[in-house]
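Everything below concerns the one structure shown next.
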Amino acid sequence: MPAIEIEVINGSITEVSADAIVNAANSIGYMGGGVAGYLKRVCGDIVEQEAISKAPIPVGKAICTTAGKLRDKFKGIIHAPTMEKPGMKIPPENVGKATYAALEEADSLGFKTIAMPGMGTGVGGVSKKEAAEIMVKTIMSFTPKNLRKVILVDVDKEMVEEFTKAISKER
């Protein structure tokens, strides 16, 4: 199997062209702050209600919901928890577990392209550099059946720079 192509974009996760987008979630499914809060505002409360109905979602697992108001653009939103409860500081290994879970869920659903923001770098408190390195390493070591491309996207320029540096370091 060919390795997954990685593209880095500075911009909004809702503006990319992908089968699904990833939300760095919590195990309960609440979508309060960061990317989760943004997705809830853009996609509607239905996405959060659906995520909560599938909870608890353990760190290291992921679930897929509809994309709510963006259902014409995306086949779904993959919720990959980095933390058990909202607002928790997390150990860096949770970034790897959540990234892997998102890749596994996307691959099992037959998605070809997913978009993923920096995981665990907001409330979770993991440094952008460390999160980028863990995410890129996890993506590059993943063996997909269906998944062909991961778009690492963030509105934060520093996060985008760290993604780019991490890819250069791994190649």
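Of all residues in segment 132-148, those being within 10 Å of Leu103 (Cα to Cα) and surrounded by 16 or more Cβ atoms within 10 Å (Cβ to Cβ) number 5. One residue alone among Val42, Val47 is over 19 Å from Lys128 (Cα atoms), in contact with a Ser or Thr (Cβ under 9 Å, 6 or more places away or on another chain) and buried (at least 16 other Cβ atoms within 10 Å of the Cβ), and that residue is Val47.
Would you say Met159 is over 16 Å from Glu5 (Cα atoms) and touching a strand residue (DSSP E or B) at 6+ places or on another chain (Cβ under 7 Å)? No. Do we have any residue at all in segment 28-49 that's within 23 Å of Lys149 (Cα to Cα), out of contact with any strand residue (DSSP E or B) (no Cβ under 8 Å at 6 or more places or on another chain) and of a type in the set (Asp, Glu)? No. Of all residues in segment 72-118, those being in a strand (DSSP E or B), of a type outside the set (Ser, Thr, Tyr) and over 20 Å from Glu48 (Cα atoms) number 0.
Name the pairs whose Cβ atoms lie under 6 Å apart, with the first residue in segment 1-26 and under 18 Å from Met119 (Cα atoms), the second buried (at least 22 other Cβ atoms within 10 Å of the Cβ) and among the polar types (S, T, N, Q), and 6 or more positions between them or separate chains? Sorted first by the residue in segment 1-26, then by its partner, the pairs are Ala24/Thr82. If you go through segment 50-70 and keep only what is without any contact (Cβ under 8 Å) to a residue 24 or more places away in the chain and in a loop (DSSP other than H, G, I, E, B), you end up with just Thr66.
Read-outs: derived from the displayed coordinates by stated rules, not from any lab. For clarity, every value in this text was computed on a predicted model and none was experimentally measured. Note that we place each Cβ from the backbone using ideal geometry, even for glycine, and neighbour counts take in every protein chain shown.
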